[in-house]
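The values are calculated or read from the model by the stated rules, or taken from the named source; none is laboratory data. Since we're looking at a predicted model, the values are computed, not measured. Every residue, glycine as well, gets a Cβ built from its backbone with ideal geometry; the counts of neighbours run over all protein chains shown. Quick note on the areas: whole protein, heavy atoms, side chains included, nothing else; ligands and nucleic acids left out. Shrake-Rupley method; radii C 1.70, N 1.55, O 1.52, S 1.80 Å.
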Amino acid sequence: MATFFKSSPILYGKSAERFNREADKNKSLETPTLSEEENEIFMQIFERSKNFKF
């Protein structure tokens, strides 16, 4: 059985211009990264989640 997915919205006019301005502004921002400690905590949680029994 096929599932229908709505297509992505298409922006026009001022909405499209605003979206493009925001995208251009945001592409120059620094991407946040995890510290060594945060990454270690994340990996511990990830490993525990692999062993979780429902």
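Some values worked out for this structure:
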{"item": "Cβ-placed point charges (K, R +1; D, E -1), dipole of the chain about Cα centre in debye, nearest 20", "result": "520 debye"}
{"item": "Listed residues Leu11, Leu29 arranged by accessible area, highest first, probe 1.4 Å", "result": "Leu29, Leu11"}
{"item": "Label of the coordinate-derived value, percent of Cα pairs over 16 Å apart, listed as (1) 60; (2) 71; (3) 66", "result": "(2)"}
{"item": "Accessible area (Å², per residue) of the chain, counting only protein heavy atoms and a probe of 1.4 Å", "result": "114 Å²"}
{"item": "Between 0 and 90°, nearest 10: helix 36-50 axis offset from the chain longest Cα axis", "result": "80 degrees"}
{"item": "Percent accessible area from carbon and sulfur atoms, the chain, protein chains only, probe 1.4 Å", "result": "58 percent"}
{"item": "Residues of type lysines that Lys25 reaches as a straight line, Cα spacing below 18 Å, ignoring anything fewer than 8 places off in the same chain", "result": "Lys14"}
{"item": "In degrees, nearest ten, helix 13-26 long axis to first principal axis of the chain (Cα)", "result": "40 degrees"}
